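Shown next, in structure tokens, is the structure this report addresses.
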Amino acid sequence: MPWRNGGGVTREIAVWPEDAGSDAFDWRISLADVADDGPFSVFPGVDRTLTVVGGEGMDLLVGGEHHIVDEPLWPYDFPGDRETVGHLLGGPVVNVNVMYRRSRTRAATAVVRGTVLLMPPAGGAVLALALEDGAAVDGTGIELDRYDAVLSTDGSPGVLRTMGSALVVTLAPVSRYAPGTP
């Protein structure tokens, strides 16, 4: 799908609610090939996590502040409603983008190797994205090659085993009540 600002194309991995547009999602996870410097789309009320999964990284100018995002497989959080411009550090990059509406969702993004139990929180979701070939969900027959994903919103799909790296995103609804209240 085209970027909101018209500067490129992204591959949507998952969105909630299903088929939600760019103004209506609670959360959205996508994979983008970035070939040129340029502005990011602005998403009011949305927080973002960008993880460089290919290439040398980016210098992000977020609200006038420089942030060098050059560590591969290191999730970087920033507000999606601040003016952001990306400058490539050494050629094209591939990024995983996690966007979530801060009034409705919290997200935690981690890059893992080895074995991890995939468990969505109550009312939330968990998504695992293989960053290399050779991932599987034990006992399910689900095998994941590079950029394949598994999503669960209703119970654990099982234990993820990776031969390489995988990105795991846990998405939880924001409580209507302050912590500690019934």
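A few remarks follow.
- Computed P(r) (all Cα pairs; the stretch 105-173; 5 Å bins; percent): 4, 21, 32, 26, 12, 5, 0
- Loop-located chymotrypsin sites (Phe, Trp or Tyr not before Pro) in the stretch 76-182, at most 11 other Cβ atoms within 10 Å (DSSP): Tyr177
- The GNM of the chain, with springs linking C-alpha atoms under 10 angstrom apart, assigns the highest mean-square fluctuation among Thr49, Thr105, Thr115 to Thr115.
- Distance-filtered residues of the stretch 97-141 - backbone nitrogen under 20 Å, label point 7 angstrom along Ser175 Cα→Cβ: 101-109, 119-126
- Pairwise FRET efficiency - Asp19 versus Val42, Cβ, R0 = 22 Å, nearest 0.05: 0.45
- Listed residues Ala32, Ala24, Ala136, most fluctuating in the chain (Gaussian network, C-alpha, under 10 Å): Ala24
- Reported label for calculated Cα Rg over 2.2 N^0.38 Å given (1) 1.08; (2) 1.49; (3) 1.03: (3)
- Placing +1 on each Lys and Arg Cβ and -1 on each Asp and Glu Cβ, with no other charges, gives the stretch 62-160 a dipole about its Cα centre of roughly 420 debye.
- Percentage relative contact order, the chain, counting C-alpha pairs under 8 Å, at least six apart: 20 percent
- Summed residue charge, Cβ within 13 Å of Ala130's Cβ, Lys/Arg positive, Asp/Glu negative: -2
- Annotation: amide H-H contacts under 5 Å for Gly134 (H modelled 1.01 Å from N, sequence separation of 5 or more, or interchain): Leu144, Arg146.
- Unit charges at the beta carbon, dipole of the stretch 72-171: most positive-side option, Val137, Val168, Ala107: Ala107
- Each of Thr51, Thr109, Thr170 was scored by other Cβ atoms within 10 Å of its Cβ. Listed from fewest to most, they are Thr170, Thr109, Thr51.
- For the stretch 87-114, the residues whose amide N sits under 14 Å from a probe point set 7 Å from the Cα of Met1 along the beta carbon direction are 97-101.
- Cα-centre dipole for the chain with unit charges at Cβ (Lys and Arg positive, Asp and Glu negative), debye to 20: 660 debye
- The stretch 20-43 residues near the modelled Val85 label - backbone nitrogen below 19 Å, point 7 Å along Cα→Cβ: 34-43
Throughout, read-outs are computed from the coordinates displayed, never taken from laboratory work. Remember, predicted model here, so these are calculated numbers, not experimental data. FYI the Cβ positions are ideal-geometry reconstructions off the backbone, even for glycines, and counts take in every protein chain you see.
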